[in-house]
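**Student:** Structure below; questions to follow.
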Amino acid sequence: MKIEDIVIIGSGPAGYTAAVYAARANLAPLVIEGYQSGGLLMLTSDVENFPGFPEGIQGPDLMTRMRGQAERFGARFVQKNATSVDFTKVPLAVFIEQEKVEARTVIISTGASTKWLDLESERRLLGKGVSSCATCDGAFFKNSRLVVAGGGDSAMEEATFLTRFASKVTVVHRRDSLRASKIMQDRARNNPKIDFIWNAAVVDVLGTNGVSGVRLRDLVSLEEREFPCEGLFVAIGHEPNTTFLRGRLALDEKGYIVMPHRPTTRTSVAGVFAAGDVQDTIYRQAVTAAASGCSAAIDAERYLESLH
């Protein structure tokens with residue numbers, strides 16, 4: 001069986017950038033893209049904050065370009081999911097369903113999935129007024145009335161950021177108190193553009209080609225009412241795509257890959273590196289994911305050199 005120099009698991013900005021760098025280093029990386037290749041950017045319409053695109057670019061178009069660039073330099077792609085790994089011995093083993101692939105190094109860039117409210121209307125209006133990223137989409141909502149669903153640090157951060165553009169931001173939270181840290185709570189509470197609706201849940205998003213409002217259910221009285229707004233930002237957390245790594249690699253309590261050797265991208269297992277949102281609990285941007293993909297490829301290349 002051929003032993004691959006580099007296997008990259010995941011295909012968002014981190015995975016594709018790692019593939020570009022590894023391919024240009026003549027390492028012919030094998031990229032396990034997954035059935036849903038391209039990561040969260042495949043759900044993003046306008047990307048205006050990725051350097052080099054002054055007019056903006058569609059998320060899927062950016063991913064197609066990155067993939068093509070990696071392919072041009074010799075990266076190879078498998079459009080299936082990695083289902084398990086065995087990092088207990090060398091060479092490292094990655095299983096693509098029933099097929100076993102052996103590798104000297106592995107880069108994990110499987111990303112994180114947004115936790116959604118699980119509404120049909122939310123899925124239908126995604127990218128048309130429904131978002132999970134204020135940094136990505138806030139500028140599209142100048143002078144708009146917005147709703148943020150959530151009560152943790154990320155919700156307070158999203159709400160505060162959105163006040164740069166919105167006329168008013170209303171935080172809708174299922175409880176009567178916030179889970180966010182005190183500093184984030186204070187920042188939001190002291191912002192005159194932010195108000196709160198307590199003990200309430202968003203149960204529907206209103207609108208056809210854009211958001212015109214949300215339907216709220218009072219979780220105490222169970223009464224429902226319509227609340228007008230032009231955008232809904234869902235900020236109830238992210239879930240790293242690491243289920244297949246449990247017990248195989250050090251993960252934190254939320255499932256993110258533990259990075260004990262920062263600033264390098266080395267994980268708890270020699271020869272295994274991680275890049276992008278799968279290990280990033282702070283920034284979660286396409287450009288930071290791409291940057292860490294570059295770092296992971298360089299770290300893997302140097303590790304391979306050290307084996308000789």
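Residue by residue, here is whether (1) closer than 21 Å to residue 212 by Cβ; (2) buried (at least 17 other Cβ atoms within 10 Å of the Cβ); (3) modelled with pLDDT of 95 or more holds:
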residue: 139; (1), (2), (3): yes, no, no
residue: 153; (1), (2), (3): no, yes, no
residue: 169; (1), (2), (3): yes, yes, yes
residue: 174; (1), (2), (3): no, no, yes
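**Student:** Among the residues of region 229-240, is there at least one that is without any contact (Cβ under 8 Å) to a residue 12 or more places away in the chain and in a loop (DSSP other than H, G, I, E, B)?
**Tutor:** Looking for residues that are without any contact (Cβ under 8 Å) to a residue 12 or more places away in the chain and in a loop (DSSP other than H, G, I, E, B), one finds none in region 229-240, hence no.
**Student:** A follow-up question, please. When you scan region 1-90 for strands (runs of 3 or more DSSP E) that lie fully inside it, which ones turn up with 1 or more residues that are farther than 20 Å from residue 275 by Cα, touching a residue at least 24 places away in the same chain (Cβ under 8 Å) and acidic (Asp, Glu)?
**Tutor:** none
**Student:** Please enumerate the residues belonging to region 97-128 that are in a strand (DSSP E or B), modelled with pLDDT under 95 and closer than 23 Å to residue 251 by Cα.
**Tutor:** 112, 113, 114, listed by residue number.
**Student:** Please tell me if residue 252 is surrounded by 14 or more Cβ atoms within 10 Å (Cβ to Cβ) and of a type in the set (Asp, Glu).
**Tutor:** The answer is no for residue 252.
**Student:** Further question: Checking residue 138 against (1) free of Cβ contacts under 8 Å to residues at least 40 places away in the same chain; (2) more than 29 Å from residue 273 (Cβ to Cβ); (3) assigned to a loop (DSSP other than H, G, I, E, B), only one condition comes out false. Which one?
**Tutor:** (3)
**Student:** Consider residue 154 against the criteria (1) part of a helix (DSSP H, G or I); (2) free of Cβ contacts under 8 Å to residues at least 40 places away in the same chain: it satisfies all of them except one. Which criterion is unmet?
**Tutor:** Here residue 154 clears every test but (2).
**Student:** If you scan region 1-19, which residues turn out to be of a type in the set (A, V, I, L, M) and surrounded by 24 or more Cβ atoms within 10 Å (Cβ to Cβ)?
**Tutor:** 6, 7, 8, 9, 14, 18, 19
**Student:** Hey, any hits in region 116-130 for a residue that's surrounded by 17 or more Cβ atoms within 10 Å (Cβ to Cβ) and closer than 28 Å to residue 264 by Cα?
**Tutor:** Within region 116-130 (the criterion being surrounded by 17 or more Cβ atoms within 10 Å (Cβ to Cβ) and closer than 28 Å to residue 264 by Cα), the answer is no, since none of the residues qualifies.
**Student:** Something else now. Among the residues of region 257-295, count how many are in contact with a Pro (Cβ under 8 Å, 6 or more places away or on another chain), closer than 19 Å to residue 59 by Cα and free of Cβ contacts under 8 Å to residues at least 24 places away in the same chain.
**Tutor:** Qualifying residue count for the region: 0.
**Student:** Is it the case that some residue within region 176-194 is hydroxyl-bearing (Ser, Thr, Tyr), without any contact (Cβ under 8 Å) to a residue 40 or more places away in the chain and in contact with an Asp or Glu (Cβ under 8 Å, 6 or more places away or on another chain)?
**Tutor:** Yes, region 176-194 has at least one match.
**Student:** Do we have residue 284 as in a loop (DSSP other than H, G, I, E, B) and at pLDDT below 95 here?
**Tutor:** yes
**Student:** Taking residue 73 as meeting all but one of (1) aromatic (Phe, Trp, Tyr); (2) buried (at least 17 other Cβ atoms within 10 Å of the Cβ); (3) in contact with a strand residue (DSSP E or B) (Cβ under 8 Å, 6 or more places away or on another chain), write down the number of the exception.
**Tutor:** The one condition residue 73 does not meet is (3).
**Student:** OK, next. Could we say that residue 226 is of a type in the set (Asp, Glu), touching a residue at least 12 places away in the same chain (Cβ under 8 Å) and closer than 15 Å to residue 150 by Cβ here?
**Tutor:** Here the answer is no, as residue 226 does not meet what is asked.
The values are calculated or read from the model by the stated rules, or taken from the named source; none is laboratory data. Owing to the predicted nature of the structure, the values given are computational and were not obtained by experimental measurement. Cβ: placed from backbone, ideal geometry, glycine included. Neighbour counts: every protein chain shown.
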